[in-house]
1. Any idea which residue in segment 5-51 is nearest to E75 (Cα to Cα), counting only those that are among the β-branched types (V, I, T) and outside any helix (DSSP H, G or I)?
2. Do the conditions hold for G119, that is, is it at pLDDT below 95, open to solvent by 10 Å² or more (accessible area, probe 1.4 Å) and touching an Asp or Glu at 6+ places or on another chain (Cβ under 8 Å)?
3. So, in segment 195-214, of the ones that are part of a loop (DSSP other than H, G, I, E, B) and touching a helix residue (DSSP H, G or I) at 6+ places or on another chain (Cβ under 8 Å), which residue ends up modelled with the highest pLDDT?
4. Quickly run through segment 129-149 and pick out the residues that are more than 16 Å from R105 (Cβ to Cβ) and in contact with a Leu (Cβ under 7 Å, 6 or more places away or on another chain).
5. Among H60, H101, which is without any contact (Cβ under 8 Å) to a residue 40 or more places away in the chain and either closer than 28 Å to K170 by Cα or open to solvent by 50 Å² or more (accessible area, probe 1.4 Å) (or both)?
6. Quick one: in segment 175-209, of everything that is crowded, with 21+ Cβ neighbours inside 10 Å and under 11 Å from T137 (Cα atoms), which residue is farthest from the chain's Cα centre (by Cα)?
7. L160 - would you say it is more than 14 Å from the chain's Cα centre (by Cα) and either open to solvent by 60 Å² or more (accessible area, probe 1.4 Å) or on the phi > 0 side of the Ramachandran plot (or both)?
8. Does L87 satisfy the condition of being surrounded by 15 or more Cβ atoms within 10 Å (Cβ to Cβ) and more than 17 Å from the chain's Cα centre (by Cα)?
Amino acid sequence: MPKRIVVLISGSGSNLQAIIDATQSGRIDGEVAAVLSNKAGVFGLERAANANIPTEVLDHKAFDSRESFDAAMMELIDSYNADLVVLAGFMRILTPEFVRHYEGRMLNIHPSLLPKYKGLNTHQRALDAGDQEHGCTVHFVTEELDGGPSLVQGRVSIELDDTSDSLQQKVHVREHQIYPLAVEWFCAERVSWTPEGVIFDGQPAPAEGIQFQP
């Protein structure tokens, strides 16, 4: 059976679009069952509607606590029988209860080569450090922010004339390549997260994740 994917967004949804395209082409053996946003009017919702995907808006400001918001989100996600939850620019810190509920079946993408540069402003931080390469990482979500086991990384070189904006654009290209790839692997049951770590095609994956070769 094709896997059912629920994507969580807060903005324009460019990674969402990459995943939609990969499901519609048949590359991913799954379907985006719903797109959920904590903000109304964002372009990601339009992308979903254009692909005839159900959308849900759950305004976090309407809830009196993070816990009550996450509980409502869980109820909504589970109503779509989600096999996989994909965080695609979802700008909320999740409660431990939410993370545990989807352990092993929730992915996030972060714009750095984790474990480097958890948190914000990753492109400028890579430039300030004088790094020669930068990139992005798809990882399983744990209670540690940007700290879950890495699945796949995409790298880009840093040139002398790169700025934070130019580096961000290069990393976005990689994001749109490796996020659909990670979802494809999950839906094909080629990857899983076990107590021994990330397993890919029956073998332990490297700690830093599989390195994407463009």
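1. Applying the filter and picking the extreme gives V6.
2. yes
3. Taking segment 195-214 as the starting set, the residues that turn out to be part of a loop (DSSP other than H, G, I, E, B) are 195-196, 201-202, 205-209, 212-214.
Now restrict to residues that are touching a helix residue (DSSP H, G or I) at 6+ places or on another chain (Cβ under 8 Å): 212, 214.
Values: F212: 98, P214: 87.
Result: F212.
4. H134, G135, T137, D146
5. H101
6. Going through the qualifying residues, I end up with G209.
7. yes
8. no
The values are calculated or read from the model by the stated rules, or taken from the named source; none is laboratory data. As the structure is a computational prediction, the values presented were derived from the model and not from experiment. Here the Cβ is made from the backbone with ideal geometry for all residues, glycine too, and neighbour counts use every protein chain on show. For accessibility, only protein heavy atoms count, side chains too; no ligands or nucleic acids. Shrake-Rupley method; radii C 1.70, N 1.55, O 1.52, S 1.80 Å.
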